[in-house]
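Heads up: the structure comes next, in structure tokens.
The values are calculated or read from the model by the stated rules, or taken from the named source; none is laboratory data. Just so it is clear, the structure is predicted and the values come from calculations on it, not from any experiment. Cβ: placed from backbone, ideal geometry, glycine included. Neighbour counts: every protein chain shown. SASA here: full protein model, heavy atoms, side chains in, ligands and nucleic acids out. Shrake-Rupley method; radii C 1.70, N 1.55, O 1.52, S 1.80 Å.
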Amino acid sequence: MRFIQEFRSSELAKGLISRIHQKSKTQARFMEFCGGHTVTIFRYGIRQVLPKTLEMLSGPGCPVCVTANVDLDKAIALAQIPDVIITTFGDMLKVPGSHSSLQEVNASGADIRMVYSTMDALNLAEENPTKSVVFIGIGFETTAPIIAASILQAEERRIRNYYILSMHKLCPPVIRAILESGEVKLHGLICPGHVSAIIGSHPWEFIARDYGISCVISGFEPIDVLQCVDMLVAQIESGQSKVEIAYRRGVHPEGNQQALKLMKQVFEPCPAQWRGIGEVPDSSLKLKKEYQHFDAELAFDIDPGPTYEPVGCICGDILRGVKTPLDCSLFGKDCTPQYPIGPCMVSSEGSCSAYYLYGEGFEG
Ligand code: SF4
């Protein structure tokens, strides 16, 4: 398949690996922000082929994993309100909240539908005028524009029973929060390609400028990641810290202006709770005043009750990069993809799931 197989070529991989080994002299720690990169790194055994000088850490880039229970509980409470249809992307269903999961309340009679786009949710609202259809808005800068587009469509089509529960997360502010905490010392950051396709490369520049950390924006195939590591090593060995784009086929320095315009038209920044990280200023999006009639939190009286975290689960520490799944006593024993306890095992992009499925340190 053109443009896929080229980025999985073993010949190209061997050349890049050899170059990285020749170049890398300085001990360095790189974090891959994004869960998509974590999966590629584990699936293709990239950690194992890198030189001992390089340490790889997984970061907070899985939107399902970083959704705090306080927000998840709101979605579950909403689902239990009569005549509400919840629409969501698949990964959210199994994530355990404080008391239950969307899947469990669905089994008890709540109307929860998996959709593939916000337009499916919007059409569902139009077809069910006596119900209220709520779309669970989870995701990074990548999903916010399509949700903004659905709001504008709803306005144009005068659909008044469509709502958004906005739990968006913005990536650059959380990286700043992690770096400011000083808990993790990083030398390089593999920046997310899909988020950067929307926001461009400029919003990452503070990382290189203020923290002296090298940044490269990467695609999601193994050759993309190896090329990104090669570019990071080149920066480290030449004493540079700047933002470079390895994923040129997807990312323009200025981002996607149309998508950014849609986001700015409908949303404005607000603080957000991140699992394991806490409140981060300006790291989420709320509907602007003129679109607040689509805001599920304002339209419904939601009572999620007290919030609890799963006992023994260290997802929060893993998302901050201070621990790995192997530090969790439940990993692979009480917590598996079939019977997940925390979101990092539920999500297909979660670190615990990647460690479990692709084997690093798992002894059954
Ligand atoms: Fe949480 Fe399970 Fe991962 Fe442990 S293995 S941190 S319980 S998701």
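Looking at the square roots a ≥ b ≥ c of the eigenvalues of the Cα gyration tensor of the stretch 70-154, which shape do they give, rounded for a/c under 1.5, prolate if a/b is larger than b/c, or oblate? Since a/c reaches 1.5 but b/c is at least a/b, the shape of the stretch 70-154 is classed as oblate.
With kT/(6 pi eta Rh) evaluated at 10 °C and eta = 1.306 mPa s, and Rh the Kirkwood radius from Cα pairs, the chain diffuses with a coefficient of 75 µm²/s according to Stokes-Einstein. The distance between label points at ASP327 and GLN257 comes to 4.5 nm (points 7 Å beyond Cα on the Cα→Cβ vector). Of the residues TYR44, TYR308, TYR116, the one with the largest accessible area comes first in the ranking TYR116, TYR308, TYR44, computed with a 1.4 Å probe on protein heavy atoms.
With the convex hull of the Cα atoms taken as the outline of the stretch 316-358, the averaged projected area works out to 2.7 nm².
Here the Gaussian network model covers the chain, with springs between Cα atoms less than 10 Å apart; of GLU309, GLU268, GLU32, GLU268 fluctuates the most. The length gained on full extension between GLU6 and SER18, counted as 0.36 nm times the residue separation minus their Cα-Cα distance, comes to 2.5 nm. Counting only lysines at least 8 places from LYS185 when in the same chain, those with an alpha carbon closer than 16 Å to its own are LYS323.
Ranked by the mean number of other Cβ atoms within 10 Å of their residues, highest first, the peptides 89-98, 163-172 come out as 163-172, 89-98. Shown here is the pair-distance distribution of the stretch 180-302: with all Cα-Cα distances grouped in 5 Å bins from zero up to the longest one, the shares run 2, 10, 15, 17, 18, 14, 10, 7, 4, 2, 1, 0 percent. Give me the mean projected area, in nm² to one decimal, of the convex hull enclosing the Cα positions of the stretch 29-109. For the stretch 29-109, the mean projected area of the Cα convex hull comes to 6.6 nm².
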